[in-house]
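Undergrad: Starting off with a structure, shown below.
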Amino acid sequence: MILRPLERAFLPRSAGDGACFLLIAVCVPLTYMFQVTVIMPELHDVGSFWYTAVWLAGIFLVFNITSNMLACMLVDTSIKLHILKPPVDSHLLSRWHMCDACQTLVPPRSWHCEICNVCVLKRDHHCRFTCCCIGHHNYRYFFYFLLYMGLGALYVSINASIYLWYLHADYYWRPYTLLTVFVPALSLTVHASWENFYVRGAVMKERSTSKYDLGLRANMEMVLGKRMHLTWISPFVRSDLPHDGVNWEPATKEE
């Protein structure tokens, strides 16, 4: 695993990247603090079993959201730090292509990012929230970042719903209050799709083909690594990928 220099990892490439990163960096800790200081004391007795259990669950979610996000930003998945050796076999070499921007012969499934200005191994897309491209080496962390963000949103929604619509329904069911609550929430909604996960072993530019589909388990291992059953615990759990991200062979006959 190769890490990007800190100045490159945390310096937004565009204003959009910076705004999206700040949205997560500010909202996640503030939301958790609001849960702990305002909502949870009204739902559970401080120091009780359920208070402690919910508090620990929140800590686990915040830890995995932030640590997987940072790991996604720090892990370099570009071709710059790789010594690329095009294969001698003409059949394999035909899968490589020339990147006009980098003026370099790059492996199959590698694509150039105009924002990062570099080719990325098995590039899927550029993520505004992590200010970097999602590719072969950091997709595991991106996947868990999304997973725990979704679980965190569910966690907050359940607690906040009880607080708003049950404990304080007399205030929050007023039309004006409903408007002030839901309009900002709708404006911050971000579309998410399970298509961003490698259910067919494909990246964004390969959605119309299944030639790299290895089956669900093998596709998951290609993203999460050989110890994928442990990777949900923390991004610090080592799980080596079964592929170098360079020399790809189609699993099925090319269309």
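The values are calculated or read from the model by the stated rules, or taken from the named source; none is laboratory data. On a predicted model such as this, the values are computed, not experimentally measured, just so you know. Neighbour counts run over all protein chains shown; Cβ positions are idealised from the backbone, glycine included. Accessible surface is based on the protein model in full, side chains and every heavy atom, while ligands, DNA and RNA are left aside. Shrake-Rupley method; radii C 1.70, N 1.55, O 1.52, S 1.80 Å.
Undergrad: Those residues that are farther than 26 Å from VAL75 by Cα and open to solvent by 60 Å² or more (accessible area, probe 1.4 Å), I need them from the range 5-41; list them, please.
TA: Initial filter on the range 5-41 (farther than 26 Å from VAL75 by Cα): 30-41.
Result: LEU30, MET33, PHE34, THR37.
To keep it simple, each residue is scored yes or no on (1) touching a helix residue (DSSP H, G or I) at 6+ places or on another chain (Cβ under 8 Å); (2) closer than 30 Å to LEU56 by Cβ.
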{"site": "ASP76", "(1), (2)": "no, no"}
{"site": "LEU93", "(1), (2)": "no, no"}
{"site": "THR104", "(1), (2)": "no, no"}
{"site": "PRO108", "(1), (2)": "no, no"}
{"site": "CYS116", "(1), (2)": "no, no"}
{"site": "CYS132", "(1), (2)": "yes, no"}
{"site": "PHE145", "(1), (2)": "yes, yes"}
{"site": "ALA160", "(1), (2)": "yes, yes"}
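Undergrad: For the range 218-233, how many residues meet the condition of being at negative phi and open to solvent by less than 10 Å² (accessible area, probe 1.4 Å)?
TA: If we filter the range 218-233 for residues that are at negative phi, which is where we start, we get 218-224, 226-233.
Among the residues that remain, those that are also open to solvent by less than 10 Å² (accessible area, probe 1.4 Å) are: 219, 223-224, 231.
Matching residues across the range 218-233 total 4.
Undergrad: Of everything in the range 83-110 that's charged (D, E, K, R) and more than 27 Å from the chain's Cα centre (by Cα), which residue is modelled with the lowest pLDDT? Break it down stepwise before answering.
TA: Filtering the range 83-110 down to residues charged (D, E, K, R) leaves 85, 89, 95, 100, 109.
If we keep only those that are more than 27 Å from the chain's Cα centre (by Cα) too, we end up with 85, 89, 95, 100.
On the way: LYS85: 77, ASP89: 80, ARG95: 86, ASP100: 89.
Applying the filter and picking the extreme gives LYS85.
Undergrad: Would you please list the contacts, defined by Cβ atoms under 8 Å and residues six or more apart or on different chains, that run from a residue in the range 92-103 that is at negative phi and open to solvent by less than 60 Å² (accessible area, probe 1.4 Å) to a residue that is of a type in the set (S, T, N, Q) and at pLDDT 85 or above?
TA: Close Cβ pairs (under 8 Å, with a partner that is of a type in the set (S, T, N, Q) and at pLDDT 85 or above) amount to CYS99/SER110.
Undergrad: Answer yes or no: is there a residue in the range 137-144 that is of a type in the set (A, V, I, L, M, F, W, C), out of contact with any Leu (no Cβ under 8 Å at 6 or more places or on another chain) and either on the phi > 0 side of the Ramachandran plot or surrounded by 20 or more Cβ atoms within 10 Å (Cβ to Cβ) (or both). It would help to see each step written out before you state the result.
TA: Start the filter on the range 137-144 by keeping residues that are of a type in the set (A, V, I, L, M, F, W, C), which leaves 142-143.
Within this subset, residues satisfying the condition of being out of contact with any Leu (no Cβ under 8 Å at 6 or more places or on another chain) are 142.
Going one step further and asking which of them are either on the phi > 0 side of the Ramachandran plot or surrounded by 20 or more Cβ atoms within 10 Å (Cβ to Cβ) (or both), we end up with 142.
Among the residues of the range 137-144, at least one is of a type in the set (A, V, I, L, M, F, W, C), out of contact with any Leu (no Cβ under 8 Å at 6 or more places or on another chain) and either on the phi > 0 side of the Ramachandran plot or surrounded by 20 or more Cβ atoms within 10 Å (Cβ to Cβ) (or both), which makes the answer yes.
Undergrad: Continuing with this model, one more query. Could you grab me the full set of residues in the range 64-85 that are surrounded by 14 or more Cβ atoms within 10 Å (Cβ to Cβ) and farther than 30 Å from PHE21 by Cα?
TA: Once the filter is applied, which keeps residues that are surrounded by 14 or more Cβ atoms within 10 Å (Cβ to Cβ) and farther than 30 Å from PHE21 by Cα, the range 64-85 yields only LEU84.
Undergrad: Where the second residue is part of a helix (DSSP H, G or I) and open to solvent by less than 80 Å² (accessible area, probe 1.4 Å) and the first is touching a residue at least 24 places away in the same chain (Cβ under 8 Å) and of a type in the set (A, V, I, L, M) and lies in the range 203-226, which pairs have Cβ atoms under 6 Å and are six or more apart or on separate chains?
TA: Partner pairs satisfying both residue conditions: VAL223/TYR139; VAL223/ARG140; LEU224/ARG140.
Undergrad: Is there any pair with a first residue in the range 17-43 that is under 28 Å from CYS116 (Cα atoms) and a second that is at pLDDT below 90 and surrounded by 15 or more Cβ atoms within 10 Å (Cβ to Cβ) whose Cβ atoms are under 6 Å apart and which are 6 or more apart or on different chains, and what are they?
TA: Cβ pairs passing all conditions: GLY18/PRO12.
Undergrad: Within the range 111-118, identify whether any single residue is modelled with pLDDT of 85 or more, closer than 30 Å to PRO235 by Cα and of a type in the set (A, V, I, L, M), and answer yes or no. Break it down stepwise before answering.
TA: Step one: of the range 111-118, the residues modelled with pLDDT of 85 or more are 111-118.
Filter again for closer than 30 Å to PRO235 by Cα, leaving 111-118.
Pick out the ones that are also of a type in the set (A, V, I, L, M) and you get 115, 118.
Yes, because at least one residue in the range 111-118 is modelled with pLDDT of 85 or more, closer than 30 Å to PRO235 by Cα and of a type in the set (A, V, I, L, M).
Undergrad: Taking the condition part of a loop (DSSP other than H, G, I, E, B), of a type in the set (Gly, Ala, Ser) and under 27 Å from the mean Cα position of the chain (by Cα), does ALA71 pass?
TA: Working: part of a loop (DSSP other than H, G, I, E, B): no; of a type in the set (Gly, Ala, Ser): yes; under 27 Å from the mean Cα position of the chain (by Cα): yes.
No.
Undergrad: Now for a separate question. Look at ARG123 and say whether it is open to solvent by 50 Å² or more (accessible area, probe 1.4 Å) and touching a Gly at 6+ places or on another chain (Cβ under 7 Å).
TA: Numbers: open to solvent by 50 Å² or more (accessible area, probe 1.4 Å): no; touching a Gly at 6+ places or on another chain (Cβ under 7 Å): yes.
So ARG123 fails the test.
Undergrad: While we're on this one: Do we have any residue at all in the range 145-166 that's at pLDDT 90 or above and either of a type in the set (Asp, Glu) or buried (at least 24 other Cβ atoms within 10 Å of the Cβ) (or both)?
TA: yes
Undergrad: Please go through the range 191-224 and pick out each residue that is at pLDDT below 80 and among the aromatic types (Phe, Trp, Tyr). Don't jump to the end; show me each part of the working.
TA: Step one: filter the range 191-224 for residues at pLDDT below 80, giving 191-210.
TRP194, PHE197, TYR198 - these are the residues of the range 191-224 that are at pLDDT below 80 and among the aromatic types (Phe, Trp, Tyr).
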